[in-house]
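The values are calculated or read from the model by the stated rules, or taken from the named source; none is laboratory data. The model shown is predicted, which means the values in this text are computed figures rather than measured ones. No Cβ is skipped: glycine too gets one built from the backbone with ideal geometry, and neighbour counts run over all protein chains shown. For the accessible areas, the whole protein counts, side chains as well, though only heavy atoms, and no ligand, DNA or RNA atoms are used. Shrake-Rupley method; radii C 1.70, N 1.55, O 1.52, S 1.80 Å.
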Amino acid sequence: MNFNLKFGSITRKGAKLFYENLPWFVRETIRETFPNRFVPPLYTQLPLSVPHSLHIDPTNLCNFRCIFCPTGDLELLKTINRPKGLMSYELFCKIIDELAIICKESGQKVNELHLYKDGEPLIHKDLGRMIAYAKSKNVAYSVQTTTNASLLTRERASEILESGLDIIRISIEHVYDDGYKTVTQNYSNYNNVKENVRFLFEEKVRRRSSLIIKTKIVDIGFDKSVIKKFCDDFTPISDQISVNNLMGWSNSNIKDFTLGINVKRSMGISAKLREKNICPEPFRSLAVNFNGQASVCCVDWAMETVVGDLTKESLNDIWNGAEMKKFRLLHSNGNRAQIKACRNCHYLKGFPDHLYLDDKTSDLNKLYNYRNT
């Protein structure tokens, strides 16, 4: 018995060491394929000196009006007076510089730095410069972005490849022009999107770039022929393809972003949806909006989980600050219903088991020196 326990402990430690020394893109593939087997439970890694995931939004403007996306509903955005604009390059560099200091002092890096949140990143003329600057500071294992590819001209594709970007996610909305118009409400050139992706893929192969192209489509109730055409069209010009589920975002009671579809698994399909009290995001992530305001969560489309302002505060002060502490306390004590954006959050239901924290209230309060109030 004792030998088995000791042997099991050694095996687990060896496996963890082996996993941590794998190339980042191999680790990411393992995480996505076996999220609960090869990734240590989040609570064993807390508290974090550096967020695991950091989103920085170059812009919350978008050229599409997708029917399942809050940014696509202009009337909805008017009701909350959501500001709109583009992040200045100077502010972006400030954030990255402050992140670099945290990384140096802690000896850690962000797992995933996403240059994306609410808008279409390619609207920002400095996206390539932003990516290159982030890469030059070595603050993340992986720098990523997500785009609808309609603006991915040959010039912008070359810019992306030269920037050193690690992963680009391409969001395909349909596989026919009329379907594109139905989903986006204002765009109907499927072939343009496909050819943009084709050029990026062929150019990255020609340049022997390490960029990983992940192409996805959100299933809004498509028949099998649409899914088959998507797979046939993009398998040859992508490194990975996926068919994703709809996701209900935060403030899910305001509008049904799942379009009446009975979604049973997370957006990435790997995790079954289930009710939770404690969200892992306050403990592992941060999302900086275009204007420098820092939201706790990347799906905070209404900007209602703001815990600081990067135009006035440092990244470290926000990550370890009083507002973030208050936010974590509400979640760790099962009081997320007091936060409007979190009260009816569909996104929370889809987190995989290794991010489950509902049974760790006392541990969280000890780790963060909280007291039940």
**Study point:** Cα-centre dipole for segment 221-373 with unit charges at Cβ (Lys and Arg positive, Asp and Glu negative), debye to 20
**Key:** 500
Check your understanding: Short version: ³J(HN,Hα) in whole Hz for each residue of segment 62-69, in order, from phi by Karplus 6.51 cos²θ - 1.76 cosθ + 1.60 (θ = phi - 60°), x for Gly and Pro, what are they?
Key -> 9, 8, 10, 10, 4, 6, 10, 10
Review point. How many nm is it between the label spots at ASN344 and SER136, if each spot is 7 Å from the Cα in line with the beta carbon?
Key: 4.7
Point to revise | Percent of beta bridges antiparallel (DSSP, the chain, rounded to nearest 5) | key: 20
Exercise for review: Work from the charge dipole of the chain (Cβ charges, +1 for Lys and Arg, -1 for Asp and Glu, about the Cα centre) and give the residue of ALA341, VAL299, LEU355 farthest towards its positive end.
Suggested key: LEU355
**Study point:** Highest to lowest packing among 117-127, 255-265, 314-324, scored as the average C-beta count within 10 Å
**Key:** 117-127, 314-324, 255-265
**Study point:** Rounded percent of accessible protein surface that carbon and sulfur make up, the chain, 1.4 Å probe
**Key:** 52
Practice item. Pull up the cross-link candidates among the lysines for LYS228, meaning alpha carbon to alpha carbon under 27 Å and not fewer than 8 places away within one chain. Key: LYS181, LYS194, LYS204, LYS214, LYS216, LYS264, LYS272
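R0 = 30 Å: FRET efficiency of SER362 with GLN240, Cβ-based, nearest 0.05?
So the FRET efficiency works out to roughly 0.15.
Given the pairs LYS94/LYS326; LYS117/LYS349; LYS135/LYS325, which span a C-alpha to C-alpha distance of over 23 angstrom in this model? Walk me through the numbers before you get to the answer.
Numbers: LYS94/LYS326 25 Å; LYS117/LYS349 20 Å; LYS135/LYS325 30 Å.
Correct reply: LYS94/LYS326; LYS135/LYS325.
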Exercise for review: Please give the contour-minus-distance gain from GLU90 to ASN253: 0.36 nm per residue of separation, less the Cα-Cα distance, rounded to one decimal in nm.
Suggested key: 55.0 nm
Practice item. State, as an integer percentage, the relative contact order of segment 145-263 based on alpha-carbon contacts under 8 Å between residues 6 or more apart. Key: 25
Check your understanding: Between the helical axis of 24-33 and the dominant principal axis of the chain, each derived from Cα atoms, what acute angle in degrees is found, rounded to the nearest 10?
Key -> 90
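Segment 277-373: which trypsin sites (Lys or Arg not before Pro) are DSSP loop and have at most 11 other beta-carbon atoms within 10 angstrom? Can you show the working numbers first?
Working: sites: ARG284, LYS312, LYS325, LYS326, ARG328, ARG336, LYS340, ARG343, LYS349, LYS360, LYS366, ARG371; in loops: LYS312, LYS360, ARG371.
Qualifying residues, ordered by number: LYS312, ARG371.
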Revision key, fill the gap. Excluding residues fewer than 8 positions from LYS312 in its own chain, the aspartates and glutamates with Cα under 13 Å of it are GLU98
**Study point:** Contour minus Cα-Cα distance for ASP223 and PHE199 (0.36 nm per residue)
**Key:** 5.8 nm
Check your understanding: How large is the accessible surface per residue of segment 190-317, computed with a 1.4 Å probe and reported in Å² as a whole number?
Key -> 43
Check your understanding: So which trypsin sites (Lys or Arg not before Pro) in segment 197-252 pass both tests, a DSSP loop state and at most 13 other Cβ atoms within 10 Å of the Cβ?
Key -> ARG207, ARG208
